[in-house]
């Protein structure tokens, strides 16, 4: 886990959360890489991934060399369900990071556990420490778009953070990424993109 810092102007930056999925690849939400002040996508050199960040200390860091996202994704305000389901990005780092990555596990709706999901992110109001939420419940939906509704809370800065479950080998694996808060009173508080949406793109990126 780490912070994804994006320079948005002179003396200004935005912050999200990203997860190392390969020595040179970080998974996050696509909207994190959009400069809303300028209405343009961030240049890779303005993106900085800081792994294991905690109170000014970190385990490793690298600028981005490039990134890929869904060609169909567009930033909308508010974020529409159809766009939320495409809100993922894979950052390729300029330098490799020698830390163990977390595996992306492509899961279908019926394969996602209804509870026991863990999520960790860098909240905007606690930006210097990683906040962990455990035992969140998840409910997959297919309409109006393929999304995961989950009970992990969502605060600015935590977008792009991974939803994790314990895999068959006893190690964490990614089943989704947080993209937004749900605005529907009857739905759990947050929306996530299911891993089945971006698993192939991650596989392609790692094979290069």
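The values are calculated or read from the model by the stated rules, or taken from the named source; none is laboratory data. Fair warning: this is a prediction, and the values are worked out from it, not measured in the lab. Here Cβ is always computed from backbone atoms with ideal geometry, including for glycine, and neighbour counts include all displayed protein chains.
Structure summary
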quantity	calculated
Filter result for residue 98 (touching a strand residue (DSSP E or B) at 6+ places or on another chain (Cβ under 8 Å), in a loop (DSSP other than H, G, I, E, B) and farther than 19 Å from residue 28 by Cβ)	yes
Sole residue being at pLDDT 90 or above, within 23 Å of residue 82 (Cα to Cα), outside the structural domain of residue 42 (by TED's automatic domain parsing) and in contact with a strand residue (DSSP E or B) (Cβ under 7 Å, 6 or more places away or on another chain), chosen from 181, 153, 161	161
Test: residue in region 181-203 that is under 16 Å from the mean Cα position of the chain (by Cα) and on the phi > 0 side of the Ramachandran plot	no
Single condition residue 49 does not satisfy, out of (1) touching a strand residue (DSSP E or B) at 6+ places or on another chain (Cβ under 6 Å); (2) farther than 23 Å from residue 205 by Cβ; (3) at pLDDT 95 or above	(2)
Residue 128, sole failed condition from (1) surrounded by fewer than 18 Cβ atoms within 10 Å (Cβ to Cβ); (2) more than 25 Å from residue 25 (Cα to Cα)	(2)
Residue in region 95-110 that is out of contact with any helix residue (DSSP H, G or I) (no Cβ under 7 Å at 6 or more places or on another chain), within 30 Å of residue 166 (Cβ to Cβ) and crowded, with 20+ Cβ neighbours inside 10 Å present	yes
Unique residue being crowded, with 21+ Cβ neighbours inside 10 Å, touching a helix residue (DSSP H, G or I) at 6+ places or on another chain (Cβ under 7 Å), at pLDDT below 95 and under 24 Å from residue 69 (Cα atoms) when the list is 148, 191	191
